[in-house]
1. So between residue 74 and residue 201, what do we pick up on full extension, going 0.36 nm a residue minus the alpha carbon distance?
2. Between residue 15 and residues 5 or more places away or on another chain, which pairs have amide H atoms under 5 Å apart, with H built 1.01 Å from N, and which residues are they?
3. Taking the Cα centre of the stretch 53-158 as the origin and placing charges on Cβ (Lys, Arg +1; Asp, Glu -1), which of 98, 70, 82 is farthest toward the positive end of the dipole?
4. Just to be sure I understand the model, the point goes 7 Å from the Cα along the line to the Cβ. What's the resulting residue 123 to residue 158 distance in nm?
5. In debye to the nearest 20, how big a dipole does the stretch 94-141 give about its Cα centre with +1 on each Lys and Arg Cβ and -1 on each Asp and Glu Cβ?
6. Taking the Cβ-Cβ separation of residue 193 and residue 311 as r and a Förster radius of 35 Å, what is the calculated FRET efficiency to the nearest 0.05?
7. Please tell me the relative contact order of the chain in percent, rounded to the nearest whole number, where contacts are Cα pairs under 8 Å and at least six residues apart.
8. Where does the Debye-calculated log10 I(q)/I(0) of the stretch 90-246 sit at q = 0.09, 0.12, 0.14, 0.20 Å⁻¹, using only Cα point scatterers of equal weight, no solvent?
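Laboratory data are not the source of any read-out in this text; all were calculated from the coordinates shown. Owing to the predicted nature of the structure, the values given are computational and were not obtained by experimental measurement. For neighbour counting, all protein chains shown are included, and Cβ atoms are generated from backbone atoms with ideal geometry for every residue, glycine included.
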Amino acid sequence: MLLAASDRPYGANLFYGPYDSWERTKGWFASIQQQLGQRTAASFGYRRHSDIFVLFADQPQIYENNHITTSYEAALRRADTLTPNITLSYGLEADGDSIHSNSLGQHARNQGAGYANLNLRALGRFSLSLGARDELLSSNGNVFSPSIAAAYTLTHTTRLRASAGHGFRLPTYVDLYYADPTTIGNPNLKPESSWSYEAGLDWTPNNGRLTLTATGFRLQQKNTIDYSKLALATPALTFAEPYQAVNIQNLNITGAETTLRLRLTTTQQLQFSYTAAHAASPPANLISEYAYNYAAQNAIFAWNGTLPGSIGHQINAHTQVNIVQRTQHTAYPLWDVALARNTGHVRPYLRLLNLSNTGYHEIPQVPLQGRTIIAGTEFNWTTSRH
């Protein structure tokens with residue numbers, strides 16, 4: 001069983017737009033999972049979430065949104081080992097959600113799904129996974145999503161792999177019904193769907209200290225959900241114009257990524273990753289909030305490990321420098337550091353984010369936080385069973 005609760009009041013100044021906003025979210029969650037023998041498991045979870053949002057903190061009468069959302073999810077899953085190298089996993093799932101909001105109205109929807117996955121491992125040098133999922137939607141019919149993944153061990157140090165699959169996403173209630181001076185939903189939005197393809201190789205020399213992976217990918221999306229607006233002749237009017245939820249008919253992204261990992265010691269590792277992606281340019285004068293505002297290049301250099309010394313081995317450390325170049329923008333760096341104790345009942349942690357104090361935007365006109373310090377502690381209790 002799992003029980004969780006949260007209560008988070010915070011200033012949302014400039015977070016959703018150029019406004020001195022305020023917000024408070026509260027929620028609780030409960031779930032239970034039960035094994036039914038060695039190969040079957042049943043689970044159920046329920047979540048309730050409330051949100052109070054004020055666009056202008058000192059003038060709530062201008063715009064205030066109060067909403068309560070509830071959701072549930074139930075699942076029955078089973079895995080059968082047909083042979084030592086073949087496993088069949090299958091199950092049923094059901095979930096639903098509802099919203100009661102003074103601005104979005106009252107809405108509810110449910111969906112159910114059945115799925116199966118056949119995993120064939122270590123058939124000589126070859127392995128294969130075949131999957132299928134059929135989703136029944138209360139308002140949009142059904143969606144069938146197949147998937148396939150395969151790998152081939154070329155040599156004892158080189159492995160080839162490839163996969164393909166179908167996915168889809170329903171628009172959220174915010175996408176459909178929300179409206180404020182900065183954002184307008186669209187009740188006529190269609191679910192977005194996609195086909196994804198990727199192929200790559202993994203290379204690990206004999207000593208295992210070095211690992212190199214390289215992957216090429218292609219994402220073909222249909223009815224992509226985005227928020228956009230037109231750039232008007234007067235910049236002030238463009239700034240005041242709200243974003244509107246729309247479907248983009250076809251958005252195809254092609255790219256490649258590579259990761260190099262070097263194990264320095266048993267407790268320390270270096271990692272370098274680079275990703276490049278490309279899609280067609282948006283229509284002229286269109287300002288896109290998400291779909292065309294992706295990271296065209298992204299490089300990460302990271303180190304993970306424990307600190308030296310007898311006390312240092314009780315502290316996990318992580319640092320990384322991330323350099324991002326979004327479409328139609330210059331590159332910017334982000335430097336993060338994290339420290340956390342890894343033993344004992346009391347485990348304090350410290351996170352230093354954006355130490356370079358870089359000013360940047362992931363969404364147009366919405367600046368993200370500068371240098372940030374987060375500190376806290378975990379309380380860990382374990383009991384031994386005999």
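1. Extra length available between residue 74 and residue 201 comes to 42.0 nm.
2. The list, which skips near neighbours in sequence, is 21.
3. 82
4. For the pair residue 123/residue 158, the computed spacing is 2.3 nm.
5. That gives a dipole near 320 debye.
6. 0.10
7. Relative contact order comes out at 7 percent.
8. Debye curve over Cα of the stretch 90-246, log10 I(q)/I(0) at q = 0.09, 0.12, 0.14, 0.20 Å⁻¹: -0.51, -0.77, -0.89, -1.23.
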